[in-house]
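I have placed the structure first, in the form of structure tokens, so that the comments after it can refer back to it.
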Amino acid sequence: MGVINWIIDLGPSVMMPIIFFVLALCFRVKIGSAFKSAMLVGIGFVGISLIITLLLESMGPAAEAMVKRFGLELTVIDPGWPVAAAIGWGTPIVPFAVAGIILLNILFLFLKLTKTVNIDIFNFWTFMITGALVYSITDNVWISTLVSLIHFAVVLKIGDLTAPKIQSTFNLKGVSFAHGITAVFVPFGILINWIIERIPGLRDVKADPESITKKFGVFGEPLTLGAIIGVVLGILAGFNIADVLTLGITVAAVMVLLPKMVDVLVEGLTIIRDAAEDFLKRRFPDREFYISMDTALLIAHPSVLATGLLMIPSTLLLAVILPGNRLLPFTDLASLSFLFAMCAPFLKQNMVRLYITGLVIMTMVLYIGTDISGTFTDAAKIAKVSLPSNISDSTELANLVGGASTPLGWLLIKITSIFY
């Protein structure tokens, strides 16, 4: 556990370059090129992290202000994905789940059941949070570990199936996304797109960034969309003029800078990817392999990021009007883009289709969060996580962005609870 915690505490910006440097050497990349590749990956992660942090720190106060301004009084509080990650990494199942995920991935590769090599160790929490909630119900390490592995196995397959479309759309050759949260929602995105294609009028709406830019010129570019969305959110939050304008500029900056940081990371990734492809094809001529990455690489697309920002007030409205919902969206409001990032290629990067999908996803998440809040709270106590200062220890908890808040996580938790 000590070694695992030390590795995780390094964070993706340090952990991933080390992993990629070792991989590069394994694939016979010259040490100079391996170092450059690893450093570019690390620099890309640092840049992405800084910009996402800028977005979260800017949108956090706006989301909090909207909650207060709209007078939302719901009994289950969203403490954010960092708390969920702490729960995932904080229960007794961790050493068994981590070893099991790695071994299962190796077994699936050996049996040709997957093409994905999942090196995204930090995000193992997205599977283990489901196991952590099951552990709070069963007090059984082995059942809880098994649940985490089932969650991982399903997502691994989704990562394989979605990789070709995502690679071509986002220009990320050789990469897949076996992510325990966003991958689960892809089938829903595909279904919604299928339905929309059969609705006259709606199916003809072109709302991808390229079409918007072509139609509106500079007013349809990502920087303008970001500025407009930031200003609107600032107004909804009740900010003064200076803060509204600042938020508009900040969101515009995120829309412009985030894709550039992804480009830096991809430049480093390309060096290793090409070497790995050549190395593996010589030894396994009939096989194709993908490297699993964090979905942070996908939210840089203007359609994903813009739709995620539009979902902030929409999610607050849903929380109010959905009968039976008790979950108050809060800390994770600024991270909603992660929920449907993988859906974008299957929705033609169309922001109208993404928005509709976002509404469906958030409806599911709010009801799931309400249903599992008691179990989530118990798991947080077992993991002894530190809660934000504005959340009391007696408050019921559930978060928006987490593996347990997905339909797959919820289903695994409910099936297990039947027997306990």
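The values are calculated or read from the model by the stated rules, or taken from the named source; none is laboratory data. Being a predicted model, the structure only gives us computed values, none of them experimental. Positions of Cβ are backbone-derived with ideal geometry, glycine not excepted, and every protein chain shown enters the neighbour counts. Just so you know, the surface numbers come from the protein's heavy atoms only, side chains and all, with ligands and any DNA or RNA stripped out. Shrake-Rupley method; radii C 1.70, N 1.55, O 1.52, S 1.80 Å.
Some points to look at:
- Test result for residue 368, in contact (Cβ under 8 Å) with a residue 40 or more places away in the chain, of a type in the set (A, V, I, L, M) and open to solvent by 10 Å² or more (accessible area, probe 1.4 Å): yes
- Taken over segment 349-387, residues that are in contact with a strand residue (DSSP E or B) (Cβ under 9 Å, 6 or more places away or on another chain) and not hydrophobic (A, V, I, L, M, F, W, C) amount to 6.
- Residue ID - modelled with the highest pLDDT, chosen from residues in segment 36-85 that are among the polar types (S, T, N, Q) and closer than 29 Å to residue 260 by Cα: 37
- Scanning segment 197-237 for residues that are of a type in the set (Val, Ile, Thr), closer than 13 Å to residue 351 by Cα and at pLDDT 85 or above yields a single hit, 205.
- Test: residue in segment 326-333 that is of a type outside the set (Ser, Thr, Tyr) and either closer than 22 Å to residue 166 by Cα or at pLDDT 90 or above (or both): yes
- Number of positions in segment 50-62 that are within 19 Å of residue 327 (Cβ to Cβ) and surrounded by fewer than 22 Cβ atoms within 10 Å (Cβ to Cβ): 1
- Count of segment 315-336 residues which are of a type in the set (S, T, N, Q) and open to solvent by 10 Å² or more (accessible area, probe 1.4 Å): 2
- Cβ-Cβ distances below 6 Å connect the following pairs, each with a first residue in segment 94-123 that is over 13 Å from residue 290 (Cβ atoms), a second residue that is small (Gly, Ala, Ser) and assigned to a helix (DSSP H, G or I), and a separation of six or more residues or different chains: 97/131; 97/148.
- Test for residue 382: is it aliphatic (A, V, I, L, M), in contact with a Phe, Trp or Tyr (Cβ under 8 Å, 6 or more places away or on another chain) and buried (at least 22 other Cβ atoms within 10 Å of the Cβ): no
- Selection of segment 337-365 for residues being open to solvent by less than 10 Å² (accessible area, probe 1.4 Å), within 18 Å of residue 299 (Cα to Cα) and β-branched (Val, Ile, Thr) yields 357, 361.
- Scanning segment 71-113 for residues that are assigned to a loop (DSSP other than H, G, I, E, B), closer than 28 Å to residue 329 by Cβ, open to solvent by 20 Å² or more (accessible area, probe 1.4 Å) and not aromatic (Phe, Trp, Tyr) gives 71, 72, 73, 74, 75, 90.
- Of all residues in segment 165-177, those satisfying the criterion of being of a type in the set (S, T, N, Q), surrounded by 15 or more Cβ atoms within 10 Å (Cβ to Cβ) and part of a helix (DSSP H, G or I) are 167, 169.
- Each residue in segment 27-49 was checked for being open to solvent by 70 Å² or more (accessible area, probe 1.4 Å) and in contact (Cβ under 8 Å) with a residue 40 or more places away in the chain, and 4 of them qualify.
- Members of segment 121-142 that are surrounded by fewer than 24 Cβ atoms within 10 Å (Cβ to Cβ), of a type outside the set (S, T, N, Q) and either assigned to a helix (DSSP H, G or I) or in contact with an Asp or Glu (Cβ under 7 Å, 6 or more places away or on another chain) (or both): 121, 122, 137, 141, 142
- Candidates 283, 287 - the one that is loosely packed, with under 15 Cβ neighbours inside 10 Å, in contact (Cβ under 8 Å) with a residue 60 or more places away in the chain and over 25 Å from residue 45 (Cβ atoms): 287
- For segment 234-269, filtering for residues that are more than 22 Å from the chain's Cα centre (by Cα) and open to solvent by less than 40 Å² (accessible area, probe 1.4 Å) leaves 5.
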